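S.K.: Have a look at the structure that comes next, please.
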Amino acid sequence: MLALAAYLIGSLSFAVIVSRVMGLADPRSYGSGNPGATNVLRSGNRKAAALTLAGDALKGWLAVWLAQLAAPVLGLGDAAIALAAVAVALGHMWPVFFRFKGGKGVATAAGILLALDWRVGLVVLGVWLVIAKGFKISSLAALLAALLAPVLAWWWMPQPVYWYAVGFIAVLLIARHHQNIRGLLSGKESRIGDKAR
């Protein structure tokens with residue numbers, strides 16, 4: 001039940017929702033086609049991109065936080081919370097409300113990490129910001145943050161089941177960036193702020 005609720009929360013694609021509310025083009029129709037904050041930024045609307053980023057991160061945090069509240073009441077343990085963390089990420093990547101075409105999960109993963117352990121979340125966010133600001137390449141920042149997250153989870157999170165959840169989400173996130181990895185290797189990866197074609 002917690003996992004299903006988390007999946008449905010994750011299925012709220014804020015890139016699409018915010019773009020519709022603000023009268024912008026569907027982010028799945030331009031740029032990379034990815035319904036995420038970086039692609040929404042290609043529309044030239046920074047407010048829409050910021051709202052998308054905040055919404056996607058908030059839903060990741062909210063789903064895990066609600067699971068943390070509900071699990072003890074329902075007699076469930078850390079495994080249920082870890083499953084909810086994975087479920088909200090799956091919902092973002094394959095949203096039932098948007099024909100299973102979702103984002104890559106960077107902002108949502110950040111929210112998940114902040115809920116599971118604020119130290120891991122803040123360090124991973126810090127790494128993302130430093131790399132993104134220094135190189136202006138969102139995908140590079142996301143990939144390095146994804147590689148770091150399981151290591152920090154193992155170091156700081158006392159629940160082994162959380163390690164597996166974070167590791168699984170990191171693998172999914174990296175897999176969702178397969179085209180970006182090719183772009184990075186070929187030197188053709190787009191930069192933050194590039195306009196949509």
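Values in this text are rule-based calculations from the coordinates and carry no lab data. It should be emphasised that the depicted structure is a prediction, and the values quoted were computed from it without experimental measurement. Note that we place each Cβ from the backbone using ideal geometry, even for glycine, and neighbour counts take in every protein chain shown.
S.K.: Let me check I've understood the local charge: for Ile17, count other residues with C-beta under 13 angstrom from its C-beta, Lys and Arg +1, Asp and Glu -1. What total comes out?
M.R.: Residues close to Ile17 contribute a combined charge of +1.
S.K.: Measure nothing but the geometry: give the 0 to 90° angle between the long axis through the Cα atoms of 106-116 and the longest principal axis through the Cα atoms of the chain, rounded to 10°.
M.R.: With rounding to tens, the tilt is 20 degrees.
S.K.: Follow-up. How much net charge surrounds Gln159 when only the other residues with a Cβ under 11 Å from the Cβ of Gln159 are counted, with Lys and Arg +1 and Asp and Glu -1?
M.R.: Net charge around Gln159: -2.
S.K.: Post the alpha-carbon centroid distance, region 12-80 to region 150-187, in whole angstrom.
M.R.: 18
S.K.: Apply 1/(1 + (r/R0)^6) to the Cβ-Cβ distance of Gln179 and Val130, taking R0 = 25 Å, and write down the FRET efficiency to the nearest 0.05.
M.R.: 0.55
S.K.: Be a star and scan region 166-186 for residues whose amide nitrogen sits under 19 Å from the point 7 Å along the Cα-to-Cβ vector of Phe100.
M.R.: 172-173, 175-178, by backbone N distance to the label point.
S.K.: Considering the Cα positions of the chain, please state its Rg to one decimal place and its Dmax as a whole number of Å.
M.R.: My reading of the Cα-based Rg and Dmax gives 16.0, 51 Å.
S.K.: Within the set of other residues whose C-beta is less than 11 Å from the C-beta of Asp26, count the net charge using Lys and Arg as +1 and Asp and Glu as -1.
M.R.: In short, +3.
S.K.: Rounded to the nearest 10 degrees, what's the angle between the helix 160-176 long axis and the longest principal axis of the chain, both from Cα atoms, 0 to 90?
M.R.: The helix 160-176 is inclined about 20 degrees to the chain.
S.K.: What lysines sit close enough to Lys101 to cross-link, taking a C-alpha to C-alpha distance under 20 Å and skipping anything fewer than 8 places away on the same chain?
M.R.: In chain and number order, the partners are Lys59.
S.K.: What's the extension gain from Lys188 to Leu69 if we count 0.36 nm per residue and subtract their Cα-Cα distance?
M.R.: 38.4 nm
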